[in-house]
Structure formats: C-alpha cells, structure tokens
Amino acid sequence: CFTCTFYSQKNDENGNCSGEGIEFPTTNLYELESRVLTDHWSIPYKREESLGKCLIASTYLARLGLSDSDENCKRFMDRCMPEAFKKLLTSSAVHKWGTEIHEGIYNMLMLLVDLVAERVKQDPIPVGLLGVLTMAFNPDNEYHFKNRMKVCQRNWADVFGEGNMHAVSPISTFQKEPHGWLVDLVNRFAELGGFSAIQSKLNSEDIELGAISALVQPFGVCAEYLNSSVVQPMLDPVIHKMIKYVQNVEEKDLKDKRLVSIPELLSGIKLLCMRFQPDLVTAVDDLRLDILLRMLKSPHFSAKMNSLKEV
C-alpha cells in the first residue's frame with residue numbers, strides 16, 4: 001500500500017489499507033513542502049504522488065482519532081495542505097492547465113472531502129480543515145469556474161434515492177452551468193456522514209461561536225447548490241438560534257474576544273438565508289450592521305478593531 005506502513009496490514013476488497021500502526025509518509029510530506037511552499041510551485045495531483053499519499057494517510061489517522069496527535073500529520077493539515085489547495089483552486093494558472101490536471105485536482109478534492117468528513121466527527125472541531133473545505137466548496141473560485149460546465153461523475157440518486165441528494169445542479173433557466181464536480185464533492189461529503197456530523201456538532205450545548213461559524217461556512221458558500229428539501233430542515237434551527245443569540249448580545253459581552261466571530265458567522269447565515277429563508281435576509285443584514293456599530297462604539301479596543309476590520 002503506497003499510503004502508509006502497517007505493522008499489521010490488512011487490505012479490504014477495494015485494496016485500501018486498514019488496521020493499526022500507521023506511519024505517516026514523512027518523506028512525502030518533505031517533498032510536498034518543497035514543491036508547495038515556494039514561489040515556483042509545482043503541486044502533484046495523482047493519488048500515488050505526495051499530496052495524495054499524505055491525504056489518504058491523514059484520513060486513516062483521523063479515522064483512528066490520531067490525526068491531531070501525529071506531529072507530521074498535523075503539520076501537513078495545518079500548513080502545507082491549505083496552501084496546496086489554495087494554489088490549485090484560486091491561482092490564475094488554473095485556466096492554462098489541461099484536462100488531465102483538472103481531473104487530478106478533482107481526485108485530490110475528493111480525498112480532501114474524505115479527510116474532513118472523518119475528522120469532523122471528532123473533537124475538537126477542526127476549524128482549519130473546515131476553512132479548506134469552504135474553499136473547496138466555493139463555486140466562485142477559479143477551479144470551479146473553469147469546470148462549471150462539467151456534469152456529475154456519479155448518479156447520486158442511486159446513493160440517496162431520487163430527490164434526496166444533498167446537492168443538485170440548479171434548475172433555474174438563468175443558471176445554465178451544472179457545476180457537476182462541485183455537486184459531486186458536496187454529495188460525497190454527505191455520503192460519508194459529514195452533514196450528519198456537522199448537524200450533531202451544531203446541536204452541542206457548549207459549542208463556541210468560532211466553531212459554529214467554521215461549521216456553517218462550507219454550506220454558506222455553496223448554498224445555491226444545496227437541495228433545500230434535504231438540507232433546510234437541518235440548518236433552519238441553526239439560522240434562527242444564531243439570529244436570536246446575536247440579538248441578545250449585551251454591551252458587557254462585547255469585550256469577549258470570542259465574539260469577533262459574529263460578523264463572519266452572520267455572513268454565512270445570510271448566504272443560507274438567501275437560499276432557504278429569503279424573508280430573513282434583510283433582518284440579518286440589519287443585525288450585521290447593528291452589531292458592527294455597537295462594536296465600534298464599544299470602549300473595548302479589540303471590539304473596535306474587529307469592527308473596523310469587518311467594515
């Protein structure tokens with residue numbers, strides 16, 4: 001198995017590794033860093049190359065609850081991997097690449113979805129990884145814009161049942177672009193239990209605002225492609241709960257540094273409202289302006305600075 005070394009190795013019917021005693025492919029990490037963290041970057045896009053190996057190994061470690069405790073795995077997830085996907089998805093060079101490279105990036109994105117879906121089932125909430133997932137789910141990045149005419153590679157009705165897919169291509173006559181590859185990524189995340197895991201986290205009693213914001217952002221950016229009949233019942237309670245929470249924030253609360261996440265959270269909530277609760281969009285906009293004004297008037301320096309940054 002190219003992804004990892006096993007002291008007791010077993011392969012399933014698909015040839016994937018399973019077992020314990022995984023050793024993260026450190027040599028591949030070093031090679032990947034030398035290729036990603038440089039001005040003249042060249043990022044591998046095949047499963048058997050360094051990015052694919054590190055993603056697959058990280059997913060196995062995440063499944064065993066070991067991804068954060070493995071120093072090299074954490075180094076990969078925190079620094080190298082986000083930069084790799086940032087360059088693959090947002091660089092202007094995207095438009096010069098051929099079909100093989102675009103298909104390879106699609107495969108790397110599927111491996112990223114596998115990793116986040118495993119890791120988000122555990123604590124603590126992986127805020128950084130969810131940020132990379134948000135980037136991967138953003139239909140406006142260079143990669144998805146370039147591939148907006150692609151159709152889905154799988155029939156998701158076979159997986160979820162007709163009409164029960166979590167993501168669908170827009171049927172609007174104004175939106176002729178299927179964004180099938182993006183739809184594939186979102187449905188793959190759902191297939192692996194990612195949506196259920198996020199719903200469970202959002203329903204936690206002691207969850208912090210920053211974590212809620214991180215959990216909401218991936219859905220906000222791709223809200224236009226979410227199937228409202230499936231996803232809306234999951235997200236509506238969060239929308240109403242967060243609006244009510246922000247409405248009840250008192251002046252004394254504004255000094256709490258954790259509240260710096262409120263503007264970002266409300267921007268994600270607004271995107272969801274535009275898709276699921278259009279009658280609440282104006283209320284959320286007003287709430288964002290109100291909280292920014294209150295932070296600006298606050299005697300607390302950090303609140304003032306954060307509001308200015310948001311404005």
inquiry  = Among the listed residues GLU251, GLU264, GLU208, identify the single one that is of a type in the set (Asp, Glu), in the same structural domain as GLY128 (by the TED database), open to solvent by 70 Å² or more (accessible area, probe 1.4 Å) and touching a residue at least 40 places away in the same chain (Cβ under 8 Å).
reply    = GLU208
message = Condition (residue is more than 21 Å from TYR45 (Cβ to Cβ) and open to solvent by 30 Å² or more (accessible area, probe 1.4 Å)) applied to segment 179-187: is it met by at least one residue?
response = no
message = Any residue at all in segment 195-202 that's β-branched (Val, Ile, Thr) and open to solvent by less than 10 Å² (accessible area, probe 1.4 Å)?
response = yes
inquiry  = Only one of LEU272, LEU215, LEU235, LEU192 is closer than 23 Å to ASP114 by Cα, at pLDDT 95 or above, touching a helix residue (DSSP H, G or I) at 6+ places or on another chain (Cβ under 9 Å) and open to solvent by less than 40 Å² (accessible area, probe 1.4 Å). Can you tell me which?
reply    = LEU215
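Which residues, taken from segment 10-29, are open to solvent by 90 Å² or more (accessible area, probe 1.4 Å), modelled with pLDDT under 95 and under 22 Å from GLU71 (Cα atoms)?
Those that are open to solvent by 90 Å² or more (accessible area, probe 1.4 Å), modelled with pLDDT under 95 and under 22 Å from GLU71 (Cα atoms): GLU20, GLU23.
The values are calculated or read from the model by the stated rules, or taken from the named source; none is laboratory data. No experiment lies behind these values; they were computed from the predicted model shown. Neighbour counts are summed over all protein chains in view; Cβ atoms, including those assigned to glycine, are modelled from backbone coordinates with ideal geometry. Accessible surface areas use protein heavy atoms only, side chains included; no ligands, DNA or RNA. Shrake-Rupley method; radii C 1.70, N 1.55, O 1.52, S 1.80 Å.
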